[in-house]
1. Filter the chain for me: DSSP H helices, axial length by Cα at least 30 angstrom, mean Kyte-Doolittle hydropathy not below 0.0. List them by residue number.
2. When the chain is fully extended, how far beyond the present Cα-Cα distance does Ala79 get from Glu251, taking 0.36 nm per residue of separation?
3. Which of the peptides 343-349, 213-219 is most tightly packed, and how do the rest follow, going by the mean number of other Cβ atoms within 10 Å of each residue?
4. If you count, for each residue, the other Cβ atoms within 10 Å and average over each peptide, how do 150-158, 479-487 line up from highest to lowest?
5. Which of Trp47, Pro90, Pro171 sits farthest toward the positive end of the charge dipole of the chain, with +1 on the Cβ of Lys and Arg and -1 on the Cβ of Asp and Glu?
6. Dipole of the chain, Cα-centred, from +1 at each Lys and Arg C-beta and -1 at each Asp and Glu C-beta, to the nearest 20 debye?
7. For Rg/Rh (Cα atoms, Kirkwood Rh), the choices are [x] 0.98; [y] 0.95; [z] 1.04; which was calculated from the structure?
8. Need the C-alpha centroid separation for the range 259-288 versus the range 187-207, integer Å.
Amino acid sequence: MIRQNQLIPALLLILLSTLLCCSQGQEKSDSFTSSNYEDLVTLFKEWREFQKPEINKGVPDYTAAAMAKQQQGLKEQQAKLAAIDPSLWPVSQQVDYHIVRAEMNGLDFDFRVLKPWSRNPCFYAVLYTSPSDVPALEGPWKYGTLCLWKYSFPLSDEEFADFRTKLQAIPKVLEQAKINLREDAKDLWFLGIRSKKKELSLLDELAQRLDEFHPELIADIKQAKAAVKDFTAWLEEKQKNMTAPSGIGIENYNWYMKNVHLWPYTWEDQLVILQRELDRALACLKLEENRNRNLPQLKPVENTEEYQRRHNEAVDYFMDFLRRQEIMTVPDYLNDTLKRTVKVAPAGQLRDFFTQIEYRNSLPLRCHGTHWFDLARMKHEPHPSSIRSVPLLYNIWDSRAEGLATGMEEMMMHAGLMDNCPRVRELVYIMLACRVARGMGDLKMHSNEFTLEDAVDFAVKWTPRGWMPKEGNTVWFDEQLYLQQPGYGTSYVVCKIHLEKMIADSSELLGESFRLKQFMDEFNSKGMIPLSLIRWEMTGLDDEIKKLQLGY
């Protein structure tokens, strides 16, 4: 029995216990945890909307205040993801979880290191003229940029309104860029100046097109061009006194490879791989040249008609080869994906690297053109997972896209594609040497051992036969991309090696039952995701997953 002098303390204790229980119950209900895959799908949709900046009348908000707000919100998105436990899911669903985590890490890396809105003038591109051959635009890009290939001229009423909004937004975007761009990154600013000068000529070409179909937009084009000229002059004035390197450093590079692109290769690993592949490419080229020394050299085409004939013949031969040799399943919707119409530059004009290859023989680049197979599959046979059915952000697809495209060049050569024309094998090794030389620029610009011009000079020097002219656009465009997007330049070669490792792993596991067509079809079915995740899902081997610390 409770005495009267004990009653009040007892009641207070009961009340305190009740309040504490209620508090604990409320805390538990507010703390979200899940092991349900559908919660990941829901979060992915929410994340993709969150990742976009706010856009007002065509102008995306990349101001310091907006980015600080988004950075804080990212912590909440990452906390929601961390509250989902995928450890008991099938590997295919765990793969989707790590894709979402990698994308969130990509935005985190943008905030902490790349900061494209505040250190990279190339980020503020005003228009893109053609689609990429990979799932999304390469490198960092801002939302709301005018993508010309998405419009048909003359414009429909709906297209016209959207087109004009984006065109009229250009001066406002560049005015905001002047406020946002505050960090010293000498080479990135140089590239920004170079890009803007190119955009001026593109706007002139667009003006001619609009003069025919929509003369009412000419005034908007003139204002856009004036804004680009003014912005270019502003960049030139600011860049004069800049001295800071534009690379991100080896420690940041390694974090990015591991946590965003999910590569099991460090900067140091990739340097070893690239040097080995450069030596191998150059040595094999010399062996091929000796083997073919009594054969006539490959002659470049002389006119557009000859090129178009050779090109179409190469496409038909390649497609037939894939089917006949049981390399992979080739559905009918892929038949015309590799065909292109190209106007041949007159003899005497500067011929850039890929023109030197293409004008001599179209087969090697048709192999690399399996990029277009990837895009067609995404359209006609999208992956059943909604997370994999759309292009991944931050170029996270680069190991899969560029690794396969580059790998196909040499793989198809070894499979017999060029047996009827041995001199074409030389082109394959020349392309490999070129890709390695470009990739070295990626590594050494980001370790700050190379300036941009050093990277350009290295690629020019080590590309055989002098086919990478410094005066051309290719080498500058490539090194610009690699300085903005760490790892892209090495992805061609390092991820080709990764793909070869996957073939070796699968053949080891399957023994005599291994079939290349079965491997390639399963490989292609996994979507445009990092090779480390594809390997895990296809083989069950988790050594790379452990190295990437993706366990639970």
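The numbers here are math on the coordinates, done by the rules we state, and not lab data. Keep in mind that this is a model prediction, so the values were computed, not measured. All Cβ positions, even for glycine, are placed from backbone atoms using ideal geometry, and neighbour counts span all protein chains on display.
1. Span-like helices here: 4-30, 423-446, 488-510.
2. My answer for the length gained is 59.4 nm.
3. Put in order of decreasing packing, that is 213-219, 343-349.
4. 479-487, 150-158
5. Of the candidates, Pro171 comes out farthest on the positive side.
6. In total the dipole reaches around 740 debye.
7. Looking at Rg/Rh (Cα atoms, Kirkwood Rh) for this model, the match is [z].
8. Between the Cα centre of the range 259-288 and that of the range 187-207, the gap is 33 Å.
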